[in-house]
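Readers should treat all values here as calculations from the given coordinates under stated rules, not as data from a laboratory. Since the structure is predicted, the reported quantities are computational estimates derived from the model, not experimental observations. For neighbour counting, all protein chains shown are included, and Cβ atoms are generated from backbone atoms with ideal geometry for every residue, glycine included.
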Amino acid sequence: MTRLVGLLERKRRVLAELGDRLSSESRARAGADHHSRRRPRPCGMTIHTGVGCSYVCAYCYIYDMGFSAIPKPYPLEPDEMAYALSLNPYVIPDRTLAAYGSVTEPFLPETRARAIEYMREVWRRLKLPTQVSTKATLTDDIVSGILSGDPNTSALVTVVTLSNRRLEPRAPDPKDRIRFAGEASARGLAVSLFIRPIIPGITDVEAADILRLAANVGVKSIVLGSLRATERIIRRLEACGVNTMEIRERLTEPIKGAKQVETKSSDLKAKVSRIAEDFGLKVFRSACEANIYSHRRYCAMCHLGPCNIEIGPEPLESGDVEELLEYLGVPYVSVEVNDSTVRVRLKKPRVDEHLKNLITTATYRRAIIETQR
C-alpha cells in the first residue's frame, strides 16, 4: 500500500472508530453540519470554534455575514467535529490544512475551551496541520492548550494599528498582543504577526512602529492580507475617524450592501514587506504559507508556490498516484509526476473537481486532469 492510499485508509479507520463511539444522535448531528461537506478555502479547512464575536472591530466582515456580536461556542462536541471532518470528502488526514478562527475570536472566554478541545481532538484523530488566528493575548494557559495538540501549530496574531483603538474597541491592546506573541514564540510556538487587513492610510503608515515592536520581542515572521470592504465597514471606519478616500479608490469594484469587495494593496504589501525585511522578519505571502512553513512542508498546490523550497518536495512516483486511482476505481490512461504537478489522463470524459482536489491535497502538487481524445 502506497502512502497516498494509506491516507484514505487512515481516514476510513478514523471514521469507523468514531462512528462506533458516537451515538446515532451525535452521528446525525455531525453529518448534518456543514463541516462534513464544505470545500476547504485556500487557507485550508476553516473550523468554526464559535459563532459571533464581541470584539466588534470596525473592519471585520463577519457582521455583514449575519453573525452576532454575542459569541457562542460552536454546538458540536469535539469528537462530533472530528467525525464531521472525517465525513468530508475533501478532507485528507495529515494533508488538509486546518484553520481555526474565521467567524469568531477563538480565545474569547465563551469560545476558548471549545477551541482548544477542537484543536486537540482534530489533531489527535486526523493530524491536520493546525493554524489559528487571534486577537487575544497568548497567555501561558492558551499557549499550553495549543501545544497540547499540534506542536507545530502556526499562530497568527492580528495587529493592524497601534494608535486608533476605536477600530478595535473591545480587543486587547495591540501592544499587549505583540508582547505576549513574543513570549509565546520563546516557548516554542510558531507565531507570526498577522497584518491583515492592511487598512490604507492606517496600517501602512504605522507599519514601521508595529514591526519594530514585533522584532524587539522576538517575533520572527509576518503574514500580510488585504482589506475586504462593505458599505457597513466603510461607514464604521469613517465613524472611527478614518479617511476612506484612498480605500474607495483602491476598491476592485463598487461596493454594494454586504458584498465583500477586495482592495488593491500589492503596493502596500510590498512596502510593508520591505520594512519587515529591514527588521529581519520573514514575510509570508499568505496564511497557508505560514502553516506550510511551521510544519516543515513543501507545497506547490497553487500559483503562489512552490512554498518552502528549502525543504523540497516529498518523494512521489507515478505509481503512487496510479495506485490511488485504482483504489478509487478511476480508469486512467497515464500519470506524469514532477516536483510541482501531477498530470492525469483519464480514459473517458469526466469532470470531477473532487478528484482534482484529492490529488492536489494528497500530493501537495497542482493536479491537471485531462481526458483521452
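Sort out for me the Cα centre separation of the range 282-300 from the range 206-281, rounded to whole Å.
What the calculation gives is 20 Å, centre to centre.
Please report, in debye to the nearest 20, how large the charge dipole of the chain is about its Cα centre when each Lys and Arg carries +1 at its beta carbon and each Asp and Glu carries -1 there.
I would put it at about 580 debye.
Measuring from a point 7 Å past the Cα of Ile311 along Cα-to-C-beta, which residues in the range 184-205 have an amide N at less than 20 Å?
185, 188-194
Taking the number of other C-beta atoms within 10 Å as the exposure measure, put Asp267, Asp320, Asp20, Asp150 in order starting with the fewest.
Placing the least packed residue first, the sequence is Asp20, Asp267, Asp320, Asp150.
When Leu156, Leu304, Leu189 are ordered from fewest to most other Cβ atoms inside 10 Å of their Cβ, what list results?
Leu304, Leu189, Leu156
What distance in nm separates the simple spin-label points at Phe279 and Arg12, each placed 7 Å from Cα in the Cβ direction?
According to this spin-label approximation, the distance is 5.0 nm.
Find how many whole Å separate the alpha carbon centroid of the range 1-80 from the alpha carbon centroid of the range 104-121.
13
Counting pairs of alpha carbon atoms under 8 Å apart in space and at least six apart in sequence, what relative contact order in percent does the chain give?
14
Gain in length, Ala208 to Cys302, computed as 0.36 nm per residue apart minus the alpha-carbon separation, to one decimal in nm?
30.8 nm
With 10 angstrom as the radius, rank Glu105, Glu206, Glu314 by how many other C-beta atoms surround their C-beta, starting from the fewest.
Result, fewest neighbours first: Glu314, Glu206, Glu105.
Assuming a ≥ b ≥ c are the square roots of the Cα gyration tensor eigenvalues, decide whether the range 207-352 counts as rounded (a/c under 1.5), prolate (otherwise, with a/b larger than b/c) or oblate.
oblate
Among (1) 107, 28, 16; (2) 58, 26, 21; (3) 35, 24, 21, which one is semi-axes √(5λ) of the Cα gyration tensor in Å computed from these coordinates?
Answer label, from the structure shown: (3).
In the range 318-371, what % of DSSP beta bridges are antiparallel (nearest 5)?
Within the range 318-371, antiparallel bridges account for around 45 percent of the total.
In the Gaussian network model of the chain, springs joining C-alpha atoms below 10 Å, which of Ser286, Ser154, Ser23 carries the largest mean-square fluctuation?
Sorting by GNM fluctuation, first place goes to Ser23.
With unit charges on the beta carbon (Lys/Arg positive, Asp/Glu negative), name the residue among Leu213, Pro40, Pro306 whose Cα is farthest towards the positive pole of the charge dipole of the chain.
Ranked along the dipole, the leading option is Pro40.
Given the pairs Lys259/Lys356; Lys256/Lys356; Lys11/Lys348; Lys135/Lys271, which span a C-alpha to C-alpha distance of over 32 angstrom in this model?
From Lys259/Lys356; Lys256/Lys356; Lys11/Lys348; Lys135/Lys271, over 32 Å: Lys256/Lys356.
Expressed in nm to one decimal, what extension gain is obtained for the pair Thr252 and Ser23 from 0.36 nm per residue of sequence separation less their Cα-Cα distance?
Full extension of this stretch gives 77.6 nm more.
If you stretched the chain out fully between Arg373 and Leu328, how much longer would it get, using 0.36 nm times the residue separation minus the C-alpha to C-alpha distance?
Full extension from Arg373 to Leu328 adds 14.0 nm.
Using a simple spin-label model with points 7 Å from Cα along the Cα→Cβ vector, what separation in nm is obtained for Val56 and Asp173?
The answer from the label model is 2.2 nm.
Top mean-square fluctuation among Cys53, Cys307, Cys240, Gaussian network model of the chain, C-alpha springs under 10 Å?
Greatest mean-square fluctuation among the candidates belongs to Cys240.
Could you check the simple spin-label distance between Arg38 and Ala239, using points 7 Å along Cα→Cβ, in nm with one decimal?
Distance between the two pseudo-spin positions: 2.7 nm.
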